[in-house]
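Novice: Got a structure here, written out as structure tokens. Questions coming.
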Amino acid sequence: VAVSKPSGLLVHNSAYAGPKERSLRGLLGEHLGRRVFPVNRIDRGCSGVVLFARETEHVAAWQARLADPGSEKLYLALVRGRLDQPAEVDSPVPDEDGRPHEAQSVVVPLGVSTVDRCSLVGVRLLTGRLHQARRHLRHLGHAVLGDSTYGNSVVNREYLARYGLGRLALHAAELRLIPPGQSQPVLLRADLPEDLAAVLRQLFPRT
């Protein structure tokens, strides 16, 4: 089951996430009338594609396909500064326990705003690590706007006041993978939500 998650909602509850609250997993389980099991996860502040398995024994097979080099994970991000050249990032990312893991991303510029000092970029994750897109964009010196962990709080407040950006400007736009037991890939796409699209219309008025 593929779902487009809104910003601000947990994918599922865990000890790492904190106190138990309403989650996408819980809401989807109520809607379907059965338990579901997350295959991938995106940050609370991030919106976009999340994939669930209907049976727990199917999770590992789906995750293996998602980790295959032929799969694609594409994010859209609004970042601070002028980023107008493609970049490849190969920089380790620590997990929840602080252990580093290899991580690679490809960043492609999509547009530079004529209104403010920011850029829209696509980020293709070649691996799937904790906060990978956010960490790698900060590594390039272009933190995601609205990022309270890796960004600049003063800049984030300015964008909230000027453009109404009250969320992390990161969207998991596409997942492309070959499902277990099949030979042809499927493309799962989540449209840009209005809370982020409204901000982009102000910053990129001609596109």
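Novice: Within region 78-92, track down each residue that is in a strand (DSSP E or B) and either on the phi > 0 side of the Ramachandran plot or exposed (fewer than 15 other Cβ atoms within 10 Å of the Cβ) (or both).
Specialist: Matches in region 78-92: GLU88, ASP90.
Novice: I'd like the residue in region 179-193 that is open to solvent by 70 Å² or more (accessible area, probe 1.4 Å) and over 12 Å from LEU74 (Cβ atoms) and, out of all such residues, is modelled with the highest pLDDT.
Specialist: Top of the filtered list is ASP191.
Novice: Residue check: is VAL155 closer than 23 Å to SER4 by Cβ, among the hydrophobic types (A, V, I, L, M, F, W, C) and modelled with pLDDT of 95 or more?
Specialist: no
Novice: Please report, ordered by residue number, the helices (runs of 4 or more DSSP H) entirely within region 93-207 with at least 1 residues that are without any contact (Cβ under 8 Å) to a residue 40 or more places away in the chain and among the β-branched types (Val, Ile, Thr).
Specialist: In region 93-207, 153-163 are the helices (runs of 4 or more DSSP H) which contain 1 or more residues that are without any contact (Cβ under 8 Å) to a residue 40 or more places away in the chain and among the β-branched types (Val, Ile, Thr).
Novice: Here's a follow-up. Looking at region 52-72, which of the residues that are under 16 Å from the mean Cα position of the chain (by Cα) and either surrounded by fewer than 18 Cβ atoms within 10 Å (Cβ to Cβ) or more than 16 Å from PRO38 (Cα to Cα) (or both) is modelled with the lowest pLDDT?
Specialist: ALA67
Novice: Continuing with the same structure: Just for region 95-126: of the residues that are surrounded by fewer than 17 Cβ atoms within 10 Å (Cβ to Cβ) and within 13 Å of the chain's Cα centre (by Cα), which one is farthest from SER148 (Cα to Cα)?
Specialist: Restricting to residues being surrounded by fewer than 17 Cβ atoms within 10 Å (Cβ to Cβ) and within 13 Å of the chain's Cα centre (by Cα), the top hit is ARG124.
Novice: Please verify whether GLY18 is modelled with pLDDT of 95 or more and not charged (D, E, K, R), treating the condition exactly as stated. Working first, answer last.
Specialist: Details: modelled with pLDDT of 95 or more: no; not charged (D, E, K, R): yes.
No; evaluated as a whole, the condition is false for this residue.
Novice: Here is a check on your reading of the model: is ARG80 touching a His at 6+ places or on another chain (Cβ under 8 Å), modelled with pLDDT under 95 and of a type outside the set (S, T, N, Q)?
Specialist: Details: touching a His at 6+ places or on another chain (Cβ under 8 Å): yes; modelled with pLDDT under 95: no; of a type outside the set (S, T, N, Q): yes.
For ARG80, the condition - touching a His at 6+ places or on another chain (Cβ under 8 Å), modelled with pLDDT under 95 and of a type outside the set (S, T, N, Q) - is not met.
The values are calculated or read from the model by the stated rules, or taken from the named source; none is laboratory data. Owing to the predicted nature of the structure, the values given are computational and were not obtained by experimental measurement. We place every Cβ from the backbone using ideal geometry, glycine too, and count neighbours over all the protein chains shown. For accessibility, only protein heavy atoms count, side chains too; no ligands or nucleic acids. Shrake-Rupley method; radii C 1.70, N 1.55, O 1.52, S 1.80 Å.
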